[in-house]
Amino acid sequence: MSDRETPVSRRTLLAGAAAALAGVTLAPGIRLIEVAQAAAEPGKAVSSKVRWGLLIDVGRCVEGCNECVLACNRENGLEGGTRPTDSQWIRIVELKDRRTGRKAQAPVMCQHCANPPCVDVCPTGASFKRADGIVLVDRHTCIGCRYCMMACPYKARSFVHEPLTQQKPDVPRGKGCVESCNLCVHKIDRGDGTTACAEACPTRAILFGDLNDPQSAISRRISEVRTTQLRADLGLDTGVRYTGL
Amino acid sequence: MMAATLPVDRSERRFWWLVAGGGLLLAIGLGAAWYMEHHGHIVTGMSNEVVWGTPHVFAIFLIVAASGVLNIASMASVFGQAHYKPWSRLSGVLSVAMLAGGLMVLMLDLGRPERMVVAATHYNPTSVFAWNVLLYSGMFAAVLVYLWMQLERRMNRYAKAAGVAVLIWRFVLTTGTGLIFAFLVARQAYASAVLPPLFIVMSLAWGMAVFVLARAAVGGETDADLLRRMRNLLGLLVALVLYFMAVYHLTNLYFAKQTAFERFILLDGGAYPWIFWIGYVLIGSIVPMVLVSRATATARTLRVAAALTIVGAFAALYVFIIGGQAFPLEIFPDYEVTSSFRDGAIAAYAPSVPEVLLGLGGVAAAFLISVVGMQVFDIVPARAVEAD
């Protein structure tokens, strides 16, 4: 080391470096907090005052039509394959009454239960229910154990069995994680006020709305006609209701 | 105990051969897991219908047997059965080894095994899986403490207390494993309160069978009295499993809504009824019971009975786990249903090579830990019986 006097003392240099380091590391964080606070404006936060749901009129669901399935695949970037290893967030189930032989068909997707078994069993809490009733999978904490698929009474969940490409920016998906209908949460959050399946249904057999708002179209309809929940015996209080079953 | 009483064999050579063999099988299993992780579960026989497959059969066998193999430790340290005393440490090491092997298979089968740490940092208190994370790690701790009390002469006086703790923990752990299935309200095969007791007796019987084989592999003669006790115990425990299995199916048969499922599993479900009746009931239960009940039964007969019990265990778990998922969920009870997602259809499943190799890798891990454990610690009274 040299004995020459340095223009800047070591102490000053260290203090300056520390200040610069703190600025570089903290500033983006502070900036992020500002951004986050801006996004959580009053009135925009997800609230439990709202409960999003669907009412499916089985009588209106037309034989041979699967526009809702195609729309869901388009909206969420699903490939549309039907192998046992392919993801299907919504499917048309063809029904034939065992006694009378009467035929019908109905779309089945995640029923967005108020008491979802998938959320109960998930070891990491990746399966969760948002305050507005939408049941979702956090792709960052899903470890791919598939216990939720064992627990779901509606076979609503799919496991991503292969690497994925060309995903939609709004709908992150990933190999090794479980996924299911998210009630087009990205559309709801940007204020579209509907889901891809409901939008696409040519006969308006799928009605989207707020089950907690007595004035909403879905609530008014539910108060007029007899509706059923799938596997009502389980007491899960589903957000998807059926009429005409 | 003399230093010469090396557990596996006096010859170092044999030990290294065993390590090499186990290591190779483990490496193949890890390779299979990497292959599954790299390509995704598409390379397995599992699907959106059968979401848990062959790896889970291996993992649950290993975990359940890991609890049961401690029968020996409990007999020795809790119930004061002197005949089992020399073998209690071996049972402890086998337990830790099988628990590790089973958990390894479960973790490597995850869709995102690299996120295992998430299971520790994000804990959902309502999940039975999450409870089991605690139960399994607690089991490790309890058995390791028990082994310490056994191996360290100064701590011997606490061995009984540790043994009692282990015994209680075993029951809670196998209850927890049974509850993984018992809480699945939606599935015909699983939502039953009989499952936790069934899993408890399964663990007792299957762990006993593993111990009989491990003890025989270690070598040395066993005194006739211990042999007789082990024979009686194995026979009794296999009978108990059969009894609880019968209760499980009979209660299901009583419920009208479950009869279609029972018909599938017991009568017309393709391979599953065969595996159940021939694999589990006949080969895995009745034959071992007959073998051990004969007055002329020898050490060799006991070994055969134990091996068949393990064959039966795999048959029972295969039918329970995979057959149980193959039967379709009943979402619309009054309707015949069809869909692109195979609603109402029996799911197809065939075990794939990587799955089987991963499962065998778990067995290899258990084997390796056991062999190394026996070599490093003075836990096996090899030739002890002769010396006495």
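The residue of region A:161-180 that is nearest to A:ASP120 (Cα to Cα), among those that are at the interface with chain B (Cβ under 7 Å from one of its Cβ atoms) and in contact (Cβ under 8 Å) with a residue 24 or more places away in the chain, is A:CYS177. Here B:LYS85 clears all of (1) at the interface with chain A (Cβ under 8 Å from one of its Cβ atoms); (2) free of Cβ contacts under 8 Å to residues at least 12 places away in the same chain; (3) of a type in the set (D, E, K, R) except the condition numbered (1).
Number of residues in region A:208-245 that are closer than 11 Å to A:TRP52 by Cα and more than 14 Å from every other protein chain (Cβ to nearest Cβ) equals 10.
Please state which one of B:VAL117, B:VAL96 is within 13 Å of chain A (Cβ to nearest Cβ) and out of contact with any His (no Cβ under 8 Å at 6 or more places or on another chain).
Numbers: B:VAL96 fails: within 13 Å of chain A (Cβ to nearest Cβ).
The conditions single out B:VAL117.
The set of residues in region A:106-127 that are more than 9 Å from every other protein chain (Cβ to nearest Cβ) and surrounded by fewer than 23 Cβ atoms within 10 Å (Cβ to Cβ) comprises A:ALA114, A:ASN115.
Quick one: is B:THR296 over 23 Å from the mean Cα position of the chain (by Cα), surrounded by 14 or more Cβ atoms within 10 Å (Cβ to Cβ) and not in a helix (DSSP H, G or I)? So that I can check it myself, show each step before the final result.
Numbers: over 23 Å from the mean Cα position of the chain (by Cα): yes; surrounded by 14 or more Cβ atoms within 10 Å (Cβ to Cβ): no; not in a helix (DSSP H, G or I): yes.
Considered against the rule, which asks whether it is over 23 Å from the mean Cα position of the chain (by Cα), surrounded by 14 or more Cβ atoms within 10 Å (Cβ to Cβ) and not in a helix (DSSP H, G or I), B:THR296 comes out as no.
Based on this model, can you work out whether A:CYS68 counts as more than 10 Å from chain B (Cβ to nearest Cβ), in a helix (DSSP H, G or I) and crowded, with 22+ Cβ neighbours inside 10 Å? Against the criterion (more than 10 Å from chain B (Cβ to nearest Cβ), in a helix (DSSP H, G or I) and crowded, with 22+ Cβ neighbours inside 10 Å), A:CYS68 qualifies. Pick from B:ALA141, B:ALA186, B:ALA182: which is touching a residue at least 24 places away in the same chain (Cβ under 8 Å) and either within 14 Å of another protein chain (Cβ to nearest Cβ) or out of contact with any helix residue (DSSP H, G or I) (no Cβ under 6 Å at 6 or more places or on another chain) (or both)? Every option except B:ALA186 fails the conditions.
Screening the candidates B:PHE341, B:PHE367, B:PHE314 for the property of being aromatic (Phe, Trp, Tyr) and within 14 Å of chain A (Cβ to nearest Cβ) yields one hit, B:PHE341.
The set of residues from region A:128-152 being facing another protein chain (nearest Cβ under 7 Å) and of a type in the set (Gly, Ala, Ser) comprises A:GLY144, A:ALA151.
Every number here is computed from the coordinates shown, using simple stated rules; none is lab data. This is a predicted model, so every value here is computed, not measured. In this analysis, Cβ positions are derived from the backbone assuming ideal geometry, glycine residues included, and neighbour counts consider all displayed protein chains.
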